[in-house]
Amino acid sequence: MAAGLLPAVRFVIKGGLAGAAVYVAYDQGLLGSDKQGAEALKKAQAALPPAIQEWTSYVGWELPPTPKFDFSPSDSWNKGVQMVMAALSVAPTRACEYTEEGWKYVKDLVK
């Protein structure tokens, strides 16, 4: 009977952890708009180094200083969207060029 209960307990624990992770992400604004995500990233960048420093002093380890990143998720998103739109705008022209090259190749093979 205990062997049948163990998988159910493991499932409940894993489901609880997954639910808690989703709740924390929602509560911190990570699942909201891009502005909320950027604010959550700034809060994390401000809160993590002191917390890591406190933890390392408690454990007694020495870690190198954390690197500073100048990263904007909204700028990266915009660059990605611009690249995709640029590729889609030239897609018909490229398709015609590749079709012509393919026909030339096939004609050369048939000769």
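The values are calculated or read from the model by the stated rules, or taken from the named source; none is laboratory data. None of the values given here were measured: they were computed from a predicted structure. Cβ coordinates were reconstructed from backbone atoms using ideal geometry, including for glycine residues, and neighbour counts include every protein chain displayed. The protein model used for the area step is the full one, side chains on, heavy atoms only, and it has no ligands, DNA or RNA in it. Shrake-Rupley method; radii C 1.70, N 1.55, O 1.52, S 1.80 Å.
Rounded, prolate or oblate: pick one for region 1-91, where a ≥ b ≥ c are the square roots of the eigenvalues of its C-alpha gyration tensor, a/c under 1.5 means rounded, and failing that, prolate if a/b is larger than b/c, else oblate.
Values: a/c = 2.63, a/b = 1.31, b/c = 2.01.
It is oblate, given that a/c is not under 1.5 and a/b is not larger than b/c.
From the backbone phi of region 95-111, what are the Karplus-calculated ³J(HN,Hα) couplings (6.51 cos²θ - 1.76 cosθ + 1.60, θ = phi - 60°) in whole Hz, Gly and Pro given as x?
5, 5, 4, 5, 5, 4, 4, x, 5, 4, 4, 5, 5, 5, 5, 6, 4
Just the number, please: carbon plus sulfur as a percent of the accessible area of the chain, 1.4 Å probe, no ligands or DNA/RNA counted. Don't skip to the answer; put the middle values down first.
Numbers: 6820 of 10130 Å².
Carbon and sulfur: 67 percent of the exposed surface of the chain.
Counting only heavy atoms of the protein chains, get the accessible area per residue of the chain (1.4 Å probe) and round it to a whole Å² value. Display every interim value, and only then the final one.
Numbers: 10130 Å² over 111 residues.
Dividing the accessible area of the chain by its residue count gives 91 Å².
Compare V12, V59 by solvent-accessible area with a 1.4 Å probe and give them largest first, with all protein chains kept in place.
Output order, biggest surface exposure first: V12, V59.
Read phi for every residue in region 37-50 and hand back ³J(HN,Hα) as whole Hz from Karplus 6.51 cos²θ - 1.76 cosθ + 1.60, θ = phi - 60°, with x for Gly and Pro.
For region 37-50, the Karplus curve yields x, 5, 5, 5, 5, 5, 4, 5, 5, 7, 8, 5, x, x Hz.
How big is the dipole moment of the chain about its Cα centre under a simple scheme where the beta carbon of each Lys and Arg is +1, that of each Asp and Glu is -1, and everything else is neutral? Debye, nearest 20, please.
Numbers: 11 positive and 11 negative charges, 62 e Å.
In debye, rounded to 20, the chain gives about 300.
What's the lysine pair count for the chain at a Cα cut-off below 17 Å, pairs eight or more apart or interchain?
Details: K35/K43; K35/K79; K42/K68; K43/K68.
The result is 4.
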